[in-house]
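Some notes on the structure that comes next.
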Amino acid sequence: MTIRVVLADDQALVRRGFRLILETEPDLEVAGEASNGEQAVTAARRDQPDVVLMDIQMPGLDGLEATRRILAEPGNRARVLILTTFERDDYIFPALQIGASGFLLKTAPPEELVAAVRVVASGESLLSPSVTRRVIQRFAGQPVPPAAGLDRLTPREGEVLRLIAEGLSNAEIAAELYVGEATVKTHISNVLAKLGLRDRVHAVIFAYQQGIAGPGGPPLGWTRS
């Protein structure tokens, strides 16, 4: 299956570079381009991409607001992967909160960009290791808020949540728990449904907020299989 991508960046040379990288892959197709947020919203509606590669700093409508509008479109199927030169909390956390499926720095090597597009298109979420560290730093040591639904997780689902928060892929979780990837996907779906979480990124944030992962370890009473 071909993955359709829209490139949203105000620099033509950057868009051309991304296009050259992506179109060397047989399963990736650049369906459209945009040089600002308004154009990105229009392109997402017109070209029906699977993934939008979204710059944050663009003239007029910025990438954050464009992401918000795209994800709010009725019938939208596109997932948004944020790309930026800057690693700043005032970019990272708003992007995650409004539903972006991943956050990758423009300095990432081409193979990471290609892999990120495929991961996001498959329905998973992605954070670069450096961004994951920022999430950890943001929530480590903060007071733990009450969590509705946490007690509904089975021990195995709790273990899967912890491994997600540690940055493991589905394949790595399957190997760790000696189960198939299909079983892992079922556990993840159950975790998201029981906790009312939108996607994998928010599962990571939730896990650190609750102390399920990170320096503090599992909260009191948490059991592992």
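The values are calculated or read from the model by the stated rules, or taken from the named source; none is laboratory data. Keep in mind it's a predicted model, so treat the numbers as computed, not measured. Don't worry about glycine lacking a Cβ; one is built from the backbone with ideal geometry, like all the others, and counts go over all protein chains shown. What goes into the accessible areas is simple: the full protein's heavy atoms, side chains included, and nothing from ligands, DNA or RNA. Shrake-Rupley method; radii C 1.70, N 1.55, O 1.52, S 1.80 Å.
Multiply the residue gap between R198 and R152 by 0.36 nm, knock off their C-alpha separation, and tell me the result in nm, one decimal place.
14.8 nm
Assuming R0 = 30 Å, what is the FRET efficiency of E25 and S189, from their Cβ-Cβ distance, to the nearest 0.05?
0.60
Quick check: from the Cα gyration tensor, does the range 1-72 come out rounded (a/c under 1.5), prolate or oblate?
oblate
Mind giving me the FRET efficiency for T2 and Y178? R0 is 22 Å, r the Cβ-Cβ distance, nearest 0.05 is fine.
Using R0 = 22 Å, I get an efficiency of 0.05.
Heads up, I need the accessible area for T107: 1.4 angstrom probe, whole protein in place, Å², nearest 10.
Approximately 110 Å² for this residue.
With each pseudo-label sitting 7 Å past Cα toward Cβ, what's the R46-R16 distance in nm, one decimal?
In this crude label model, R46 to R16 measures out at 2.1 nm.
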